[in-house]
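Asks: Sending over a structure as structure tokens; questions will come in a sec.
Please treat every number below as a calculation from the coordinates, not as lab data. Please read these numbers as outputs of a predicted model, since none were measured by experiment. With ideal geometry, Cβ positions are generated from the backbone for all residues, glycine too; neighbour counts draw on all protein chains shown.
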Amino acid sequence: MKLCRVVGFATSSIKAKGLANHKLLVLKDIDDTGNATGEAFLAVDTIGAGLSEVVAVTTGVPACHVLSDPQAPVDAAVIAILDSVSINKKEIHNQLKEA
Amino acid sequence: MKLCRVVGFATSSIKAKGLANHKLLVLKDIDDTGNATGEAFLAVDTIGAGLSEVVAVTTGVPACHVLSDPQAPVDAAVIAILDSVSINKKEIHNQLKEA
Amino acid sequence: MKLCRVVGFATSSIKAKGLANHKLLVLKDIDDTGNATGEAFLAVDTIGAGLSEVVAVTTGVPACHVLSDPQAPVDAAVIAILDSVSINKKEIHNQLKEA
Amino acid sequence: MKLCRVVGFATSSIKAKGLANHKLLVLKDIDDTGNATGEAFLAVDTIGAGLSEVVAVTTGVPACHVLSDPQAPVDAAVIAILDSVSINKKEIHNQLKEA
Amino acid sequence: MKLCRVVGFATSSIKAKGLANHKLLVLKDIDDTGNATGEAFLAVDTIGAGLSEVVAVTTGVPACHVLSDPQAPVDAAVIAILDSVSINKKEIHNQLKEA
């Protein structure tokens with residue numbers, strides 16, 4: 001799963017049927033200090049993640065496992081809001097929340 | 001899902017059966033300011049996206065979920081035309097449409 | 001789908017059963033001017049693509065959809081020979097064929 | 001499979017149902033000398049890998065094959081703790097454990 | 001499929017059940033001159049590839065198609081030992097074997 005930070009939101013009126021009722025989050029991967037980095041991408045959210053939170057994102061077919069309609073055309077889903085993340089014994093999550 | 005801009009079109013006479021009746025869009029990912037970036041790739045379009053629009057693209061097996069023939073050899077599909085996209089509280093979609 | 005140019009061929013005597021009868025093309029992605037770029041990779045060809053042609057390549061499980069044996073261990077297949085490809089209103093395919 | 005080193009852990013209270021009871025490891029790919037490199041990511045652990053160990057990580061749908069619930073929204077799983085890894089006839093695993 | 005060179009081996013005592021009886025090869029992609037390049041990764045071998053041989057590697061779910069147990073947690077498999085590989089009309093395989 002990708003280690004990501006929520007950096008924004010997207011809305012759409014014209015979309016495939018399976019996307020109705022799904023909130024689209026804009027996310028970026030985080031680096032070792034917890035900063036958002038690289039290209040933004042989209043994932044559906046079924047657990048209520050908010051702006052700037054650090055989350056786990058599952059990609060590919062397993063992302064469909066959290067949807068009420070597993071045939072929705074979705075390849076990325078937020079599956080966890082992370083309470084803590086340590087990299088090389090440094091806690092990066094809370095440190096970043098304060099930033 | 002990838003955040004992309006439609007940058008062109010492709011046509012083909014000699015193709016696999018499952019591709020008949022599918023429009024092929026040429027797309028690129030967008031950066032934080034909404035500019036197309038990186039390598040172009042192809043996706044099928046089932047919702048009528050036009051040149052320069054910002055769209056969501058699903059990749060892999062879930063892309064087949066929007067096709068009438070789920071056994072078509074397709075690994076990318078446009079699933080939404082995006083009305084708005086915010087990254088770090090800056091709205092990038094409309095800004096880019098004017099560009 | 002990836003936008004690729006056929007840059008060569010590969011042959012193999014010792015291979016998995018499902019690969020028998022499949023021609024292996026060597027391909028590279030193309031850049032905006034149609035030049036082959038990046039690392040070469042392999043795909044099976046079921047439509048008769050020739051050296052230097054610009055083609056569409058499907059990856060992952062959907063590549064198996066064009067095979068007579070969908071259980072073949074194949075993760076990339078040429079699914080279309082492209083007649084034309086436009087990127088930012090410039091036609092790149094024919095231009096490149098003359099090169 | 002990816003060649004990775006365990007660099008940390010992550011915890012989550014708010015998460016998709018299928019994730020309950022799964023330990024989340026933070027991992028990085030290793031370079032030829034066995035140092036962790038690149039962006040950190042998450043995988044579930046079903047075999048008891050510890051901090052700084054070199055492991056094999058399977059990604060995508062096959063990662064679900066090691067789970068008691070194959071419908072869990074998981075796209076990466078540690079599938080082996082590696083006793084030895086040689087690259088170009090140099091043993092990198094033990095050398096790195098001493099580092 | 002990836003064009004790779006076998007650069008080493010890995011062994012494991014503690015591993016997922018589905019991995020028993022599978023030899024783990026360490027591989028790298030090759031560049032246009034056939035040199036191993038980039039990050040090393042692991043694949044199972046069912047055809048007897050040896051050190052320094054140029055091979056084709058299938059990734060993702062199709063890699064499971066060559067396994068006796070298709071539910072093994074495997075995302076990469078060597079599916080062919082390549083006799084010849086040409087890129088831009090230069091034969092790279094044998095040239096590299098002499099190197």
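Asks: Give the lysines reachable from B:Lys15 as a straight Cα distance under 20 Å; neighbours fewer than 8 places away on the same chain don't count.
Replies: Hits, sequence-local ones excluded: B:Lys23, C:Lys2, C:Lys23, C:Lys28, C:Lys97.
Asks: To continue, here is another question. Given charges of +1 on the Cβ of Lys and Arg and -1 on the Cβ of Asp and Glu, with all other atoms neutral, how large is the dipole of the stretch C:2-98 about its Cα centre, in debye to the nearest 20?
Replies: Around 180 debye, computed over the stretch C:2-98.
Asks: How high is the relative contact order of chain E, in percent, counting Cα pairs under 8 Å that sit 6 or more residues apart? Could the numbers behind the result be given before it?
Replies: Values: 203 pairs, mean separation 27.4, N = 99.
Relative contact order comes out at 28 percent.
Asks: Another one. Under a 10 Å cutoff between Cα atoms, tell me which one of A:Leu51, A:Leu24, A:Leu42 has the largest fluctuation in the Gaussian network model of chain A.
Replies: The residue that fluctuates most here is A:Leu51.
Asks: If you don't mind, there's one more thing I want to ask. Have a look at A:Val78, A:Val66, A:Val57 and tell me which one the Gaussian network model of chain A (Cα, springs below 10 Å) gives the largest fluctuation.
Replies: A:Val66
Asks: Can you pull the mean other chain C-beta count within 10 Å for peptide D:12-22?
Replies: 6
Asks: Tell me the net charge near A:Asp31. Cut-off is 14 Å between Cβ atoms, A:Asp31 excluded, with +1 for each Lys or Arg and -1 for each Asp or Glu.
Replies: +1
Asks: Along Cα-to-Cβ, 7 Å out, sits the label point; list in nm, shortest first, how far the one on D:Asn35 is from those in the other copies.
Replies: 2.0, 2.0, 3.2, 3.2
Asks: Suppose every K and R has +1 on its Cβ and every D and E has -1 on its Cβ; what is the size of the dipole of the protein assembly as shown about the Cα centre, in Debye to the nearest 20?
Replies: In debye, rounded to 20, the protein assembly as shown gives about 480.
Asks: Counting partner chain Cβ atoms within 10 Å of every residue's Cβ in E:40-48, what's the average?
Replies: Per residue, the number of nearby Cβ atoms from other chains is 4 on average.
Asks: Right, something else. For peptide A:49-60, what's the mean number of Cβ atoms from other chains within 10 Å of each residue's Cβ?
Replies: Counting Cβ atoms of other protein chains within 10 Å of each residue's Cβ and averaging gives 5.
Asks: May I ask for the percentage of alpha-carbon pairs in the protein assembly as shown that lie more than 28 Å from each other? Don't jump to the answer; show the numbers that get you there.
Replies: Numbers: 65020 of 122265 pairs.
When every Cα pair of the protein assembly as shown is considered, 53 percent fall beyond 28 Å.
Asks: Given the stretch A:2-98, what whole percent of its Cα pairs are spread farther than 21 Å?
Replies: Value for the stretch A:2-98 (Cα pairs over 21 Å): 32 percent.
Asks: Before rounding to the nearest 500, sum -39500 (n - 2.57) across all DSSP H runs of length at least 4 in chain A and divide by the residue total; then give [θ] at 222 nm in deg cm²/dmol.
Replies: Result for chain A: -1500 deg cm²/dmol, rounded to the nearest 500.
Asks: Cα centroid distance between the stretch C:17-70 and the stretch A:36-80, in Å?
Replies: Using only Cα atoms to place each centre, the spacing works out to 30 Å.
Asks: Now a separate question. Run through the other copies and list how far each one's label point is from that of B:Asn88, in nm with one decimal, shortest first; the point sits 7 Å from Cα along Cα-Cβ.
Replies: Here the equivalent label points are 2.4, 2.4, 3.8, 3.8 nm apart from this one.
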